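Here's the structure we're looking at; comments come further down.
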């Protein structure tokens, strides 16, 4: 996913039009060249778009890893677009795994292992109760 770079933007305060770099918008550094108004709201909306896609990709990547590990197919059609936390995703997955095959604790360990194996994971520990992108890459916006 990529935004137009530079991004044409209209100032909400003075209505001046300018072009702002994606990097400056995502870092919340972009300002109106005429009046100095911050474009942080636009940057936050861009971050949210990236995070929504990242949440989906993170859950899907974890799901595929668990499917391969257990040799099963998981039906996510009823829950994946709700952007569950990793713990909630594990609960949904566990509903489809016979109880004798896997305990709750074992499944949570599999979720953590799968999360840390994602190429975009930059977390030292996985917070199962955070939104997926916060769990796997909590510092992504500070690096901008």
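The values are calculated or read from the model by the stated rules, or taken from the named source; none is laboratory data. What you are looking at is a predicted structure, and each value in this text was computed from that prediction instead of being measured. Positions of Cβ are backbone-derived with ideal geometry, glycine not excepted, and every protein chain shown enters the neighbour counts.
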Condition test on residue 44, is it assigned to a helix (DSSP H, G or I) and either under 14 Å from residue 3 (Cβ atoms) or in contact with a strand residue (DSSP E or B) (Cβ under 8 Å, 6 or more places away or on another chain) (or both)? yes
If residue 101 meets every condition in (1) at pLDDT below 95; (2) buried (at least 18 other Cβ atoms within 10 Å of the Cβ) apart from one, which number is that one? (2)
Return yes or no: is residue 89 at pLDDT 95 or above and either under 17 Å from the mean Cα position of the chain (by Cα) or buried (at least 17 other Cβ atoms within 10 Å of the Cβ) (or both)? no
Counting only residues that are in contact with a helix residue (DSSP H, G or I) (Cβ under 8 Å, 6 or more places away or on another chain), in a loop (DSSP other than H, G, I, E, B) and closer than 30 Å to residue 23 by Cβ, segment 108-144 contains a total of 13
Looking only at segment 65-86, which residues are touching a residue at least 24 places away in the same chain (Cβ under 8 Å) and surrounded by fewer than 16 Cβ atoms within 10 Å (Cβ to Cβ)? 69, 72, 81
Pair list, Cβ under 8 Å, 6 or more apart: segment 87-107 residue outside any loop (DSSP other than H, G, I, E, B), other residue loosely packed, with under 15 Cβ neighbours inside 10 Å and modelled with pLDDT of 90 or more: 87/129; 90/104; 94/104
Within segment 4-41, residues within 19 Å of residue 120 (Cα to Cα) and either assigned to a loop (DSSP other than H, G, I, E, B) or out of contact with any helix residue (DSSP H, G or I) (no Cβ under 7 Å at 6 or more places or on another chain) (or both) come out as 23, 27
